[in-house]
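The values are calculated or read from the model by the stated rules, or taken from the named source; none is laboratory data. From a predicted model like this one, the values you see are computed outputs, not experimental measurements. Please note: Cβ atoms are built from the backbone with ideal geometry, for glycine as well, and neighbour counts cover all protein chains shown. Surface accessibility is based on the protein's heavy atoms, side chains included, excluding ligands, DNA and RNA. Shrake-Rupley method; radii C 1.70, N 1.55, O 1.52, S 1.80 Å.
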Amino acid sequence: MYQNVTIDLETLDTETTAKILSIGIVPWNPGEQVSFQDLCEREASLYIKIDMSSFPSGFTESLSTVDWWNKQGEQARHVLEPNSELDTHIEEALHQVRRHLVKYVQLLNKDGGQIFCRGYDFDGGILNHAFKQCRNSAPWQYNRFRCIRTVIDTIAGTRNGYVIENNPEGFIKHHALHDAAKDTMTMLTLMENQ
């Protein structure tokens, strides 16, 4: 069981009601010395691409976010292309998230496991909305989300949630699993050098 998990979402809106394109999950423990590739390939990590036609009412997409996606790299835009072999119905995706977190991460309750996201109110808010809208109970209790940007800024003395570093080999920007793994590596490296 891992003590923490990093979750990254790629979405079609910036509101908490956003349609979720993909979910990346990377469980980890403080003090781990692990590579980006190891984080992406470990059994405990998970990538889910979601079928955009499976969302019930109550989910949104914005023209500005769709325009933003159209300006991203070709590798990142794969998430916009329907793929019947990879795409998962939103309700099944949420069930997978629940099962996966229960299997690999300490209970996400008081004094238990913690979820790290880029802005607890963004990823966390969108996930909470999705679980509620799909009438599925979330696998975490109140106050489990932590902000990656706050961790980075506090330790590195930055103000934007980033440190200057080279991207790992094979990294695809705006790929949910890759972003979660890179953020995990950044936090682990900063904690180790503290």
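Check the range 66-79 and report whether any residue there is over 15 Å from ILE172 (Cα atoms), open to solvent by less than 40 Å² (accessible area, probe 1.4 Å) and not acidic (Asp, Glu).
Step one: list which residues in the range 66-79 are over 15 Å from ILE172 (Cα atoms), which gives 66-68, 70.
Checking which are open to solvent by less than 40 Å² (accessible area, probe 1.4 Å) leaves us with none.
Taking every residue of the range 66-79 in turn, none turns out to be over 15 Å from ILE172 (Cα atoms), open to solvent by less than 40 Å² (accessible area, probe 1.4 Å) and not acidic (Asp, Glu).
With the checklist (1) touching a strand residue (DSSP E or B) at 6+ places or on another chain (Cβ under 6 Å); (2) at pLDDT 95 or above in hand, flag the one item LEU86 doesn't pass.
(2)
How many residues does the range 111-130 hold that are in contact with a Cys (Cβ under 8 Å, 6 or more places away or on another chain) and in a helix (DSSP H, G or I)? Reasoning before the result, please.
Here is the first cut: in the range 111-130, the residues in contact with a Cys (Cβ under 8 Å, 6 or more places away or on another chain) are 116-120, 123-124.
Subset that is in a helix (DSSP H, G or I): 120, 123-124.
Number satisfying all stated conditions: 3.
Which of (1) open to solvent by less than 70 Å² (accessible area, probe 1.4 Å); (2) outside any loop (DSSP other than H, G, I, E, B) is the odd one out, the single condition THR150 does not satisfy?
In the conditions (1) open to solvent by less than 70 Å² (accessible area, probe 1.4 Å); (2) outside any loop (DSSP other than H, G, I, E, B), THR150 misses (1) alone.
Please go through the range 106-146 and pick out each residue that is of a type in the set (Lys, Arg), within 15 Å of ILE20 (Cβ to Cβ) and buried (at least 18 other Cβ atoms within 10 Å of the Cβ). Lay out the reasoning, then the answer.
In the first step, residues of the range 106-146 are kept if they are of a type in the set (Lys, Arg); the result is 110, 118, 132, 135, 144, 146.
From the residues that got through so far, the ones that are within 15 Å of ILE20 (Cβ to Cβ) too are 118, 132.
Of everything in the range 106-146, just one residue is of a type in the set (Lys, Arg), within 15 Å of ILE20 (Cβ to Cβ) and buried (at least 18 other Cβ atoms within 10 Å of the Cβ), namely ARG118.
Can you find a residue in the range 103-110 that is touching a Ser or Thr at 6+ places or on another chain (Cβ under 9 Å) and of a type in the set (A, V, I, L, M, F, W, C)?
Within the range 103-110, none of the residues are touching a Ser or Thr at 6+ places or on another chain (Cβ under 9 Å) and of a type in the set (A, V, I, L, M, F, W, C).
Please tell me if LYS103 is basic (Lys, Arg), surrounded by fewer than 17 Cβ atoms within 10 Å (Cβ to Cβ) and assigned to a helix (DSSP H, G or I). Talk me through it step by step, then tell me what you get.
Details: basic (Lys, Arg): yes; surrounded by fewer than 17 Cβ atoms within 10 Å (Cβ to Cβ): yes; assigned to a helix (DSSP H, G or I): yes.
In short, yes.
Counting just the residues of the range 161-194 that are outside any loop (DSSP other than H, G, I, E, B) and among the hydroxyl-bearing types (Ser, Thr, Tyr), which one comes out most open to solvent (accessible area, probe 1.4 Å)? Working first, answer last.
Keep residues of the range 161-194 that are outside any loop (DSSP other than H, G, I, E, B), which gives 176-192.
Applying the additional criterion that residues be among the hydroxyl-bearing types (Ser, Thr, Tyr) yields 184, 186, 189.
Values: THR184: 0, THR186: 12, THR189: 68 Å².
Among those residues, the one meeting the criterion is THR189.
Among the candidates SER35, SER62, SER53, SER45, which residue alone is open to solvent by 10 Å² or more (accessible area, probe 1.4 Å), without any contact (Cβ under 8 Å) to a residue 40 or more places away in the chain and not charged (D, E, K, R)?
Values: SER35 fails: without any contact (Cβ under 8 Å) to a residue 40 or more places away in the chain; SER62 fails: without any contact (Cβ under 8 Å) to a residue 40 or more places away in the chain; SER45 fails: without any contact (Cβ under 8 Å) to a residue 40 or more places away in the chain.
On inspection, the qualifying residue turns out to be SER53.
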